[in-house]
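Asks: One structure coming up, written as structure tokens, with questions to follow.
The values are calculated or read from the model by the stated rules, or taken from the named source; none is laboratory data. What you are looking at is a predicted structure, and each value in this text was computed from that prediction instead of being measured. So basically every Cβ, Gly included, is an ideal-geometry build from the backbone, and we count neighbours across all protein chains shown. Just the protein is used for accessible areas: all its heavy atoms, side chains included, with ligands, DNA and RNA removed. Shrake-Rupley method; radii C 1.70, N 1.55, O 1.52, S 1.80 Å.
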Amino acid sequence: FMFSCHDDLDQSPIDPDSFTEEDVFVNASEARSALAKLYASLALTGQQGPAGNPDITEIDEGFSQFSRMLFNLNELTTDHAVVGWGDAGLPDLHGLYWSAGNDFTGAMYLRLAQEVSFCNSFIDNASQLTDPEVASYIAEARFLRAFAYYNLIDFYANVPLATQISTELPSQSDRPELFNFVETELLEIQDDLPSSNEYGRVDQVAAWALLSRLYLNAEVWIGTPRYTDCVTYSNNVINSGYSINTNDVNGNGTAYDELFLADNNTNGAQDEFIFTLNFDGVQSQTYGGSTFLVHAAIGGSMDASLFGVNGGWGGNRTTSALVEKFEMGTIDIDELNNDLGGTLSNWGLVGDATENAWDGPDMEMYETSPNQYSLYANLTAGDFKFRFDEDWGNNYGDNELDGSLEAGGGNIPIPADGPYLITLDLDNLTYSITEVTASGDMRAMFYTDGQNLEIESIGQFSDGYAITKFKNVTSTGGPGNDSNGEFVDTDLPVIRLAEIYLNYAEATLRGGGGDTGLAVDKINELRTRAYGGPSGNITSSDLTLDFVLDERSRELYWEGQRRTDLIRYDYFTSGNYLWPWKGNQPNGTSVGSFRNIFPIPTNSISTNPNLQQNPGY
Amino acid sequence: TVTDESSLPLPGVNVIIKGTSTGTATDFDGNYQIKANSGDIIVFSYLGYITQEITYNGQTTINISLAEDAAQLDEVVLIGYGGVKKEDLTGSVDLIKSDDFNQGPVVSAQQLISGKVAGVSITSSSGAPGEGQEIRIRGNGSLSLNNNPLIVVDGFPLDNGAVGGSRNPLNQINPNDIEAMTVLKDASATAIYGSRAANGVIIITTKKGKDSEFKFSVNTSTTVHTAVDYVDVLNGDEYRQVINNHPNADAQTLSLLGNANTDWQDEIYNTAFGQDHSISARGNAFGIPMRASVGYTDHDGILRRDNFKRTTASLNLTPSLLDDHLKFEINARGNYSENFFANRGAIGAANTFDPTQPVYSNDPQIVSQFGGYNGWYNPISAIDPSTGLPVLSQINLATVNPVAQLNLVDDVSEVRRFIGNAKVDYKLHFFPDLTATVNVGLDKSHGTGRTITSQQMPTSLLADSWEIWNGSRSTYSNTSTNKLFDAYLTYNKSINETHNITAVAGYSYQSFEYDNYSYDSEAEERDIRNPDTDIDFEFIDKSKNVLLSYFGRLNYDYKGKYLLTASLRADASSKLNPDDRWGYFPSAALAWNISKEPFLESASFINDLKLRVGYGEIGNVNGLGDYLFLTRYTRSNSSANYQFGNTFYQTYRPDPINEELRWEVGNTINLGLDYAFFNSRVFGSINLYKKKTENLIAFSSIDPFTNFGSSIDRNIGDMENRGVEIALNVIPIQTDDIEWSINYNIAFNENEVVRLPFNQEVGGISGGVGNNIQLHTEGESPSSFYVLQQVYDANGNPIEGAFVDRNGDNIINDSDKYLYKDPYADVIMGLNTNLNYKKWDLAVVTRANIGNYAYNNVASGNSYRDGAIPTSNDFLWNLHSEYLNSGFTDQSDERNFMSSHWVQDASFFKIDNITLGYTLDKAIKDVIVRLYGSIQNVATFTEYDGLDPEIPGGIDNGFYPRPRSFVFGINLDF
């Protein structure tokens, strides 16, 4: 009896949710779930959505999500963003005064190192499987490991290079070594990766795109310019099957905003996405990711329901430096009405959304054809009705808010202040309300009502324009999958084709031997989409390095690349370029150049005596 | 005259005429006088002596010599796998018998000895009925592992986790069944229990049958619980004034203000009632001594809808056969409890919900969707066809109506637990010095529960389309099974009454199996489960661990003067790597009964004087997760899947692994002195101890490139607990009519993390996201508060945002934090007194903690003006009245939460209990009736600003307040 009890000491997991390596790597179909984790660890934060079983325990789980940290480290530190929250260590980021113990810089290190460990273990275990699709799994895992190291080079420069799981403490590597590793890996796997893959998984083009990025930054990171290679691999991407999305599903004049809507995995935007992080309001929940980008940007007088969510977190805004990079179009209401070509009629708009509220005189509409009326008008948030001859005897409203009118019907709401095109069809008793956006660069997606352009106090949401780029509504105006509006469906592109166009242009300008004409064409492709036509197009004489940098801002703001871009231009820490509250000064100031690299977390240094802190910290 | 066997007079002997209440007591010279009739039986009784009965037949003088009751003087104290005579104890052990237990509405066993034992702190974790208690013996010895003592009931060591749905594992024992509790404090005493005893042991002995005619005992009591005080938040008028003068208040904000004056705390608390009944019978049935009891308890909580009901039944049989060579002890205890857990979210919400809003609203849409509970709602772009109005949605981040939270969530559970063991002692016929014992036991708990959130709950998820408001419903079921098999031999030999030897050697097997299951039944109930996308609604959590031990102990004494105890236990736990799983834990203790030395024999005022010294080592893995040395994968739940193509896949994550985990080992040295003077009218003990825990298991950082996580439980540090405990009992008056006893105990304890390579932030607070307020760091108490040093103005008021720049870099950030105080009391005292005057009895229990600090999160989280108006301007948030003093404004500056200002001295003196009883022995023939009234949580004296200074863990937030309880009860014995 006693000896059988001794055997009882050898317990192994009996929980059906807990597996051993043998269970996971029993076949390719099970291993796919382990592969899914390699992607998910960049999109989600643990095994329970939205929180509860975290991958990283050192920081609040929502904070530990990769793209949220990418925003914090690469956008919040720049002219693109400020945040009003005072979480310990967070204000340090825009102020460029973080210390080695900063929770946010520390957590990103842990997230990326963990991704390396996950990939190392996966590659090791999966290589014992013989199923044919496993070769692609392994190549994808190697891509993700290379992507993690790409970020580690960018953020921390001097980190250990670990390619296997081992309890032995790794030694420290430097940028040339790490650069060489990432480059070699990507070159090796480019042919193991499929030429195209299912949505959400990377293919060959992703390897080329990451090489394009890597080579673009080579001069800064390893001191050797590799612009020619950047041009080569950017060209590979440009000539691949990916294309810029031009599908303006919601008909607002540009196909740019479709890239950041709840259905961006199906509305056409996916054709442009080379590497995405996938979210779903029901099945892939996190407090980071697009849920963060949408909620955190809503505050003040913004109506959260227009963004498809149940409320704002009142945090993120931008500085005037970003706003001023855009050519803002203007809306000339009179000219628009002139262009309607109709004649003023006795049908008009009345209500507190109109200029004279419920008292009139009403805003008269133009009759464009018999029984068809239209009017461009600046309206305020409120209600209105259609009325004939300023007399309630003949009026129309909408009882069910279904677009069909009833005589004497209910008030029709206008959700927010702004210019609108209102139409009235008396034949069919229908009407329409269309928000009019300014011509000009429609990538400028700012919310200005009640917001000050300049920031007096970073803690005040009303200081700095808010950004409306990310939404949880579909391109047809429908809601996201989470009917409570808490979690967002919108996928986040980590690499998309537009960036590669800009890489190509910049590498060409930096002597990479590309075709300037092609560069101009490609940038004009982006600007044509942005302006809804050729009005913003440039010529080769406009194409300068600073123009490309500004164009990157306009095209890619809040997508996690700004700090890296500024460092490439030596604008990040130097006095060559200042923005509001850079260095914690209202007008901006330079800071020590050691801040081009983040510190290695204090805890990691204490756990591994082989590591030396980056200079300056 | 009544004398003892050596003809010394015995004072205070009870002399009673049997069957009457006529009686007296002997005076200081042992003399007495009593009136009696011929044929009366006179009964002489005195504690510690055998009661004698004499039939009176006309004598004028009856001189009696009472014999010492060996059984009582040589009272046996259980020390695990056997017992020793009290005078032969070598370790630091306290015995509290039922006579000394706390009175009043005691629902769980720990409360019986709260405040009674030096160095033992018992803190209820909240004011909810039947709620658990945190028991700490000599402070906290571990960081990652749990610090709960081992509780042994009738030789059966209980599992110290609570099964899901249970409020407190010790609820399972009816306090009326408990005969005595023994607290083993130092390692030389606990070492025999091995690794489960790292935090001390409490041995509970239940009442057993007696070899006599049946006696019955009935206890019944009724309790009224009342709230003592409310959190001081702004009332409606004060709040209106704040908002009207608020610089951030625009017209939209002002329009949100209501006209009501709602005291939300008044809405969620009420006066609650409780009742306790128990009946027991003990005696000899069919030649077998037995005891049986049933008990019923039903208490409401002061938080509305909170309720705890419990039915217990127990049976003890202690038959013996073969001339007492074969003894059985069979214990079976069953328990059924039903809980209604009131939604405690209402407690915090009542502090922050705008007091200008009424509880209910007549708005037709609010009535339609939310049952009329007023709240912060926004219309969404859909119309409710039943009302024709826009559908409303609870505003993100706004407080949910506290009354709705209470009324719209039904959280109920039922827990069944069976604890049974059978112990057989066989004294060998051919070798009676040797006894073989086998003890087998089973502790099985099964809890089931359901949480149903009404579809009217404001936060209910809006289903696929707005027409269907879900509510939610989840079901869980948890089973824990703990099996025990002990077998040991005891050798008992006395050689010429000079060398006395007791040796024990044995083997123990324990297994712990957990099977937890939960089920989200909502989707299935609504029949919308899609087998393709809805992967899994069930969550299963199972684990098992096994503990295997060999142990041996030797007790030796020379003439009762010099005593030696030595033990060795080998433990193996399945939680550890096979190569490292065995731990060997020795102990040794010496004691010297100085009072038995010839040179003290003449000092007749000394009844007992014993010096003890002991050392022991104990391993610990209590509370450590299972299988941590294996690579395991955890799959994701259905909301953390990942999309490839159009399919969502579950993900498998490798979990952090530690192949090098080994035993955390505590080494304790204890120096003690037991004393009793003046006919034992003054007695007690003094202990000095130092416990060093080595290879401390702490959750700490690792190189993230070498593992799958960034922190794991690993053996990394050392901790030290030092202290002095003094217990003093005095019986100042002991006369015929009056007996007055006083018990005073004081313990000084210091916890220090001696070695810890990495600091660990702990102690999450409410305010900001992911903020911690405490730190484990070398050279300090664990969980020391880690804060920014507040700057005060000349009047002593805090200056907002002004902190001492401790590192002088002109930036106030994390680097300026410092360690300021800790939540553990430096001094814990108990002062109790019992006074019996004729038929009256009075007991008062008081306690004091000195030097414990608490972080007042209730005030810190809600005392900033700007917090009253969130940035989205669409709802309001009440403030704590602290704002009226501090005038703090900036809620977004999270440094304010880190201010030392909120770490406040929570030292206290509490009168826990006053009980007054009166015994009627004539009212009913052959029945002794005792009536009593009791007040629990009578008064608290403290400088602390929050509701209650006694906060487990030191972070005061959302604490369910302890009620003041008034009890009236009747005990009947017949």
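Asks: Give me the accessible area buried between chains A and B, both sides summed, with a 1.4 Å probe, in Å² rounded to the nearest 100.
Replies: 7700
Asks: Accessible surface of B:Asp541 in the full protein assembly, 1.4 angstrom probe, to the nearest 10 Å²?
Replies: 80
Asks: To the nearest 10 square angstrom, how much accessible area does B:Lys86 have with a 1.4 angstrom probe?
Replies: Surface accessible to solvent at B:Lys86 totals approximately 90 Å².
Asks: Roughly what would the spin-label model give for B:His277 and A:Ala357, points 7 Å off Cα along C-beta, in nm?
Replies: With each label placed 7 Å out from Cα toward Cβ, I get 7.0 nm.
Asks: Now for a different question. State whether segment B:324-475 is rounded, prolate or oblate according to the following rule on the C-alpha gyration tensor (a ≥ b ≥ c being the square roots of its eigenvalues): a/c under 1.5 gives rounded; otherwise a/b larger than b/c gives prolate, and the remaining case gives oblate.
Replies: prolate
Asks: Bin by bin, in steps of 10 Å, what percent of the Cα pairs in chain A do you find, going until the bin that has the longest distance?
Replies: Spelled out per bin, shortest first, that is 3, 15, 25, 25, 16, 9, 5, 2, 0, 0, 0.
Asks: Antiparallel versus total DSSP beta bridges in segment B:164-285: what percent is that, nearest 5?
Replies: The antiparallel fraction comes to roughly 100 percent.
Asks: On a full-extension model of 0.36 nm per residue, what is the gain between B:Ser320 and B:Asp237, subtracting their alpha-carbon distance, rounded to one decimal in nm?
Replies: Contour length minus Cα-Cα distance gives 22.5 nm.
Asks: Over segment B:202-346, what is the mean sequence separation of C-alpha contacts under 8 Å (at least six apart), divided by residue count, expressed as relative contact order in percent?
Replies: Result for segment B:202-346 is 25 percent.
Asks: Can you pull out the trypsin sites (Lys or Arg not before Pro) in segment B:800-843 whose DSSP state is coil and whose Cβ has at most 15 other Cβ atoms within 10 Å?
Replies: Taking segment B:800-843 and a limit of 15 other Cβ atoms within 10 Å, the loop trypsin sites (Lys or Arg not before Pro) found are B:Arg806, B:Lys838, B:Lys839.
Asks: Given 0.36 nm per residue, what is the gain on full extension from A:Asp542 to A:Leu518 after removing their alpha carbon distance, in nm?
Replies: 7.3 nm
Asks: Here's something else I'd like to know. On the first, second and third principal axes, largest extent first, how far apart are the outermost C-alpha atoms of segment B:694-740 in Å?
Replies: Projected onto the principal axes, the Cα atoms of segment B:694-740 cover 77, 18, 10 Å.
Asks: Can you work out D for segment B:710-778 in µm² s⁻¹ from Stokes-Einstein, where Rh is the Kirkwood radius over C-alpha pairs, the temperature is 10 °C and the viscosity is 1.306 mPa s?
Replies: 95
Asks: In percent, how large is the relative contact order of chain A, given Cα pairs closer than 8 Å and 6 or more residues apart?
Replies: 18
Asks: Taking the inverse of the average 1/r across all pairs of different Cα atoms in the protein assembly as shown, what Kirkwood radius in Å do you get?
Replies: Over the protein assembly as shown, the inverse of the mean reciprocal pair distance is 37.2 Å.
Asks: OK, next. Rank these by accessible area, largest first, 1.4 Å probe: A:Arg142, B:Arg612.
Replies: A:Arg142, B:Arg612
Asks: Within 9 Å, Cβ to Cβ, of A:Phe273, how many net charges do the neighbouring residues add up to if Lys/Arg are +1 and Asp/Glu are -1?
Replies: -2
Asks: Heavy atoms only, probe 1.4 Å: what % of the accessible area of the protein assembly as shown goes to carbon and sulfur, would you let me know?
Replies: Answer for the protein assembly as shown is 50 percent, counting heavy atoms of protein chains only.
Asks: Okay, moving on. Once you charge only the Cβ atoms, +1 for Lys and Arg and -1 for Asp and Glu, what is the size of the charge dipole of the protein assembly as shown about its Cα centre, to the nearest 20 debye?
Replies: Roughly 7080 debye for the protein assembly as shown.
Asks: Projected onto the charge dipole of segment A:26-103 (+1 at Lys/Arg Cβ, -1 at Asp/Glu Cβ, origin at the Cα centre), which of A:Met69, A:Gln47, A:His80 gives the Cα projection farthest towards the positive end?
Replies: Towards the positive end, the residue furthest out is A:Gln47.
Asks: What is the Cα coordinate range of segment B:833-932 on the first, second and third principal axes, sorted by size from largest, in whole angstrom?
Replies: Principal-axis extents of the Cα atoms in segment B:833-932, largest first: 75, 34, 18 Å.
Asks: Hey, another quick one. Using the crude model of +1 on Lys and Arg Cβ and -1 on Asp and Glu Cβ, and no other charge, please compute the dipole size for segment B:786-862 relative to its Cα centre, in debye to 20.
Replies: The dipole magnitude comes to about 720 debye.
Asks: I've got another one for you. Just to be sure I understand the model, the point goes 7 Å from the Cα along the line to the Cβ. What's the resulting B:Asn885 to A:Thr228 distance in nm?
Replies: 7.4
Asks: Can you tally the net charge around B:Glu739? Count Lys and Arg as +1, Asp and Glu as -1, for every other residue whose Cβ sits under 12 Å from the Cβ of B:Glu739.
Replies: Surrounding charge for B:Glu739 is -2.
Asks: Continuing with this model, one more query. Any idea which of A:Ala377, A:Leu545, B:Phe44 is furthest toward the positive side of the dipole for the protein assembly as shown, if Lys and Arg beta-carbons carry +1 and Asp and Glu beta-carbons -1?
Replies: The residue sitting most towards the positive pole is B:Phe44.
Asks: Now for a different question. Given 0.36 nm per residue, what is the gain on full extension from B:Val424 to B:Lys85 after removing their alpha carbon distance, in nm?
Replies: Using 0.36 nm per residue and subtracting the Cα-Cα distance, I get 119.9 nm.
Asks: Can you list the equivalent-ellipsoid semi-axes of segment A:527-581, largest first and in whole Å, using the square root of 5 times each Cα gyration tensor eigenvalue?
Replies: 24, 14, 9
Asks: Can I ask one more? Give me the distance between the Cα centres of segment A:86-106 and segment B:605-627, rounded to whole Å.
Replies: After rounding, the separation between the Cα centres reads 47 Å.
Asks: Next question, about the same structure. When only the heavy atoms of the protein chains count and the probe is 1.4 Å, how do A:Trp313, B:Trp877 rank by accessible area, highest first?
Replies: B:Trp877, A:Trp313
Asks: For segment A:215-256, list log₁₀ I(q)/I(0) at each q in 0.13, 0.16 Å⁻¹, using the Debye formula over Cα point scatterers of equal strength and ignoring solvent, two decimals each.
Replies: At q = 0.13, 0.16 Å⁻¹ the computed log10 ratios are -0.49, -0.60.
Asks: Over chain B, what is the relative contact order in percent, taking alpha-carbon pairs closer than 8 angstrom and at least six residues apart?
Replies: 11 percent.
Asks: For segment B:236-312, with the dipole built from +1 on Lys and Arg beta-carbon atoms and -1 on Asp and Glu ones, taken about the Cα centre, which of B:Leu256, B:Ala292, B:His277 lies farthest toward the positive end?
Replies: So the residue furthest toward the plus end is B:Ala292.
Asks: Kindly report the accessible area of segment B:678-749 per residue (heavy atoms of protein chains, probe 1.4 Å, no ligands, DNA or RNA), in Å².
Replies: 37
Asks: About the Cα centre of chain A, how large is the charge dipole given +1 on each Lys and Arg Cβ and -1 on each Asp and Glu Cβ? Please answer in debye to the nearest 20.
Replies: Here the size comes out at about 2100 debye.
Asks: Ignoring everything but the protein chains, give the 1.4 Å probe accessible area of B:Met898 in square angstrom, nearest 10.
Replies: Counting only protein heavy atoms, the figure is 10 Å².
Asks: Suppose only helical runs count, i.e. DSSP H with n ≥ 4. What mean residue ellipticity at 222 nm does that imply for the protein assembly as shown under -39500 (n - 2.57) per run, divided by all residues and rounded to the nearest 500 deg cm²/dmol?
Replies: -4500 deg cm²/dmol
Asks: In whole Å, what is the distance between the alpha-carbon centres of segment B:382-439 and segment B:827-895?
Replies: Going from one Cα centre to the other spans 28 Å.
Asks: Sticking with this one: How would B:Thr297, A:Thr380 rank on accessible area, largest to smallest, probe 1.4 Å?
Replies: A:Thr380, B:Thr297
Asks: Place a point 7 Å from Cα of B:Ile288 in the direction of its Cβ. Which residues in segment B:317-339 have their backbone N less than 20 Å from it?
Replies: Correct set: B:317-335.
Asks: Can you give the net charge of the other residues whose Cβ lies under 15 Å from the Cβ of B:Gln59, counting K and R as +1 and D and E as -1?
Replies: Within the 15 Å Cβ shell, the charges total -1.
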